[in-house]
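Heads up, the thing below is written out as structure tokens.
The values are calculated or read from the model by the stated rules, or taken from the named source; none is laboratory data. Small disclaimer: the values here were computed from a predicted structure and weren't measured. Note: ideal-geometry Cβ built from the backbone for every residue, glycine included; neighbour counts use all protein chains shown.
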Amino acid sequence: MSSRLQRMLRQAELVLRRRRSVRAARHAAQAPSLPPVSPVWPLPIRGDGWSATALQQRLDAFPEWHYAFRFDAGVGVEVRYRSGAPARAADHPLQRFAHFMPPLLAAAGGSLTGKRVLDIACNAGFWSIQCALLGAAEVVGLDGRPELVEQARLLQSVVGARCARFECLDFFDMTPARLGTFDVVLNLGLLYHLPDPLDVLRRSLAMTSRLMLLDTMLDPRTEALVKLRWEMPVDVRMATRDGIVAYPTRKAVHLMLRHLGAASVTEIPVRSMQVPGVYLEGRRASWLIETAAAGPPLDVPSASV
Ligand SMILES: C[S@@+](CC[C@H](N)C(=O)[O-])C[C@H]1O[C@@H](n2cnc3c(N)ncnc32)[C@H](O)[C@@H]1O
């Protein structure tokens with residue numbers, strides 16, 4: 001492809017992204033507000049035996065961190081990847097929290113109190129720990145990387161979240177027979193690190209008796225497509241092994257969830273401009289998916305099928 005054509009394609013892509021952001025801003029202004037839910041931040045140091053100095057040393061000893069954790073007493077760590085990839089803004093997970101946690105809690109009946117929560121691909125446990133601090137009865141976090149499970153267990157011991165436990169488990173070894181089923185399943189930031197999104201959604205939905213929160217990168221095109229890429233496990237954000245990964249379009253996600261017989265599928269609207277740019281540009285989105293057979297009819301926007 002000539003460099004002139006490449007430049008023109010890049011410019012067209014930029015124009016499209018800008019249009020999507022403007023549309024998102026309009027939707028954000030119209031979206032209904034929800035009861036606010038705040039993350040527990042900075043994280044408390046409640047676990048036995050942790051001094052600020054000892055904790056800071058333990059955090060610093062890890063070569064990689066996917067989140068910029070902040071704790072009481074000014075203890076903290078910055079995002080860093082062994083691949084040298086640029087760190088995302090420190091408030092990235094907090095913006096995602098504001099985007100999808102209030103709708104999740106509303107769909108769960110107002111709170112996580114008493115709920116059993118599964119955090120698939122939990123990384124360092126950011127979401128698991130927040131769910132535990134928000135009152136979940138039991139939280140299971142799983143990730144395929146042992147060093148991340150070690151980080152999550154460190155956080156748990158610091159915060160004193162006794163109801164959380166973390167397992168090093170490959171996604172494909174996750175079954176209801178092994179872990180039981182859960183009131184709430186979090187499938188965040190994983191779909192596009194695995195090769196077959198229909199299989200991933202089927203396996204994830206099998207883990208919940210009621211509700212799943214899905215948050216994923218998308219291919220921004222408007223048709224029902226799945227784009228394949230090759231991914232290498234260059235750092236803790238990525239697939240755990242070399243291979244194909246798949247980016248579905250928004251319409252493909254709706255079709256797959258419909259195919260799997262979800263009782264209700266609701267895309268979480270962008271309600272604020274204070275979200276990571278990928279949500280504004282239509283390259284990432286989140287859904288609440290209810291599996292209960294007696295739930296309301298499938299809510300698939302007519303434009304998407
Ligand atoms: C982009 S991070 C998402 C972390 C977190 N769920 C979030 O959304 O903030 C992707 C995570 O998926 C995990 N992962 C990738 N492939 C996996 C697999 N086959 N089994 C278990 N975990 C996997 C990685 O180790 C990494 O922690």
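Just one of the listed residues (Pro102, Pro39) is within 16 Å of the ligand (Cβ to nearest atom) and out of contact with any strand residue (DSSP E or B) (no Cβ under 7 Å at 6 or more places or on another chain), namely Pro39.
Summed over region 172-199, the residues that are surrounded by fewer than 16 Cβ atoms within 10 Å (Cβ to Cβ) and of a type outside the set (D, E, K, R) give a count of 7. Within region 273-294, being assigned to a loop (DSSP other than H, G, I, E, B) and surrounded by fewer than 17 Cβ atoms within 10 Å (Cβ to Cβ) holds for Met273, Gln274, Ala292, Ala293, Ala294. Does Arg165 fit the bill of being assigned to a helix (DSSP H, G or I) and either on the phi < 0 side of the Ramachandran plot or in contact with an Asp or Glu (Cβ under 8 Å, 6 or more places away or on another chain) (or both)? The answer is no for Arg165. Please go through region 136-166 and pick out each residue that is in contact with a helix residue (DSSP H, G or I) (Cβ under 6 Å, 6 or more places away or on another chain) and surrounded by fewer than 18 Cβ atoms within 10 Å (Cβ to Cβ). Listed by number, the list holds a single entry, Cys163. For the criterion of being modelled with pLDDT under 95 and either of a type in the set (Val, Ile, Thr) or in a loop (DSSP other than H, G, I, E, B) (or both), Gly84 fails. Among residues of region 195-213 that are on the phi > 0 side of the Ramachandran plot, none has a Cβ under 7 angstrom from a residue that is surrounded by 23 or more Cβ atoms within 10 Å (Cβ to Cβ) at a sequence gap of 6+ or on a separate chain.
For region 183-208, residues that are of a type outside the set (Ser, Thr, Tyr), more than 11 Å from the ligand (Cβ to nearest atom) and touching a Leu at 6+ places or on another chain (Cβ under 8 Å) total 9. Only residues that are in a loop (DSSP other than H, G, I, E, B) and of a type in the set (Gly, Ala, Ser) were counted across region 196-232, and they come to 2. Would you mind stating whether Val234 is surrounded by 15 or more Cβ atoms within 10 Å (Cβ to Cβ) and either within 16 Å of the ligand (Cβ to nearest atom) or closer than 26 Å to Leu94 by Cβ (or both)? Taking the combined requirement at face value, the residue does not satisfy it. Scanning region 67-82 for residues that are loosely packed, with under 14 Cβ neighbours inside 10 Å and either within 15 Å of the ligand (Cβ to nearest atom) or within 16 Å of Ala124 (Cα to Cα) (or both) yields Glu78, Arg82.
Among the residues of region 125-146, the one identified as farther than 26 Å from Asp199 by Cβ and either without any contact (Cβ under 8 Å) to a residue 12 or more places away in the chain or touching a Phe, Trp or Tyr at 6+ places or on another chain (Cβ under 8 Å) (or both) is Gln130. When you look at Ala124, is it under 26 Å from Arg271 (Cβ atoms) and crowded, with 19+ Cβ neighbours inside 10 Å, yes or no? So Ala124 does not fit the description; no. Regarding Arg162, is this residue farther than 30 Å from Leu280 by Cα and within 12 Å of the ligand (Cβ to nearest atom)? Answer is no for this residue. In region 95-145, how many residues are more than 14 Å from the chain's Cα centre (by Cα), closer than 28 Å to Glu64 by Cα and part of a helix (DSSP H, G or I)? Going through region 95-145 one residue at a time, the tally reaches 2. When Val149 is tested against the conditions (1) closer than 19 Å to Trp41 by Cα; (2) within 11 Å of the ligand (Cβ to nearest atom), the lone failure is (1).
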